[in-house]
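Only the coordinates and a few stated rules stand behind these numbers; no lab work does. If you're wondering where the values come from, they're calculated on a predicted model, not measured in any experiment. When we count neighbours, we look across all protein chains shown, and the Cβ atoms used for this are built from the backbone with ideal geometry, even at glycine.
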Amino acid sequence: MTEMIEIPDAEADWEPATDLQAGGRNPVRQASMFQSATWPLSSLALLSVDLEAVARRLKLTLETSWDGRGSVRAAFFVLDGTDFVVTHHEGDAPGTHVWTRKGGPVDPAARAGVLLAALGVGPEAVSYSVWGVGTDLRHVPAAWSRGRGKPTRSHQDLWADFKRSPELFVGRVSFGAVVAFLYGYDIASGKALLDGFREWLAAKLGYGRNLVYWVLAEKLLFPDGRPEEPWSPETEQHAVAGLIGLLDGYFDHLASDPEERRRSEVDR
């Protein structure tokens, strides 16, 4: 049997590892499971409903953890292809904070609408939102500064995984292969990924609303003209990275200005 070795107790002036350490005497800083599992998040809304009531309605299991602001109760779930987190911190005003995973195709107002429908309440339940409904932007809830993990797969998960390792999805990475994969996924997901992307690209160019999105992307990525085929590995790499960058820009645009997306859809 292995003989266990004694180690000394904590030094007398060390703070608990879970505390904020202005003095930094304890050499470690412990992160909660909530912090470790929840990065990055985008704030979505504050609902004037009780977190316990949300959990009862959706049959969620609330988990208790902590972060630098104290105790937090949270539930992680996927609804209609979007990762959600609902939370409440000790000391927060009554209500439920709603977050979504950062990145990927997210229209904040539409996503919140899906959640409200699942909860069986209307927009009157929204007391704060990132798109402005009932919002005094000078008084942003202090809790909105953290991130989230994923219990099951979602559209946002797939986009994050695809960006990180496109070769796992398309084999030999080329512009054509990436275009084909994204087009197929968009069709299979009911246009959850590329809806409005073509119009956004055309707006950036100032023309081309009658062209397919990959042609518009090529015109933006190769302003001096499309390279002759076959493309070199360097050209393929440039085109793939550029297309992914354009999609990220489009998703950021949707997250920051969903109203403009709705206007563009009306114009189509």
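Key figures for this structure:
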| read-out | value |
| --- | --- |
| Gained length - Asp80 relative to Lys204, 0.36 nm times residue gap less alpha-carbon distance | 41.7 nm |
| Neighbour cut-off at most 16 other Cβ (10 Å), DSSP loop, chymotrypsin sites (Phe, Trp or Tyr not before Pro), region 155-213 | Tyr207 |
| Ranked Trp14, Trp99, criterion: other C-beta atoms within 10 Å, fewest first | Trp14, Trp99 |
| Approximate spin-label separation Arg226-Ser48, in nm, with each point projected 7 Å along Cα-to-Cβ | 5.5 |
| Extension gain (nm, one decimal) between Leu58 and Asp13, 0.36 nm per residue minus Cα-Cα | 11.6 nm |
| Contour minus Cα-Cα distance for Ala118 and Glu6 (0.36 nm per residue) | 34.9 nm |
| Ranked list, fewest to most other Cβ atoms within 10 Å of each Cβ, for Lys163, Lys59 | Lys59, Lys163 |
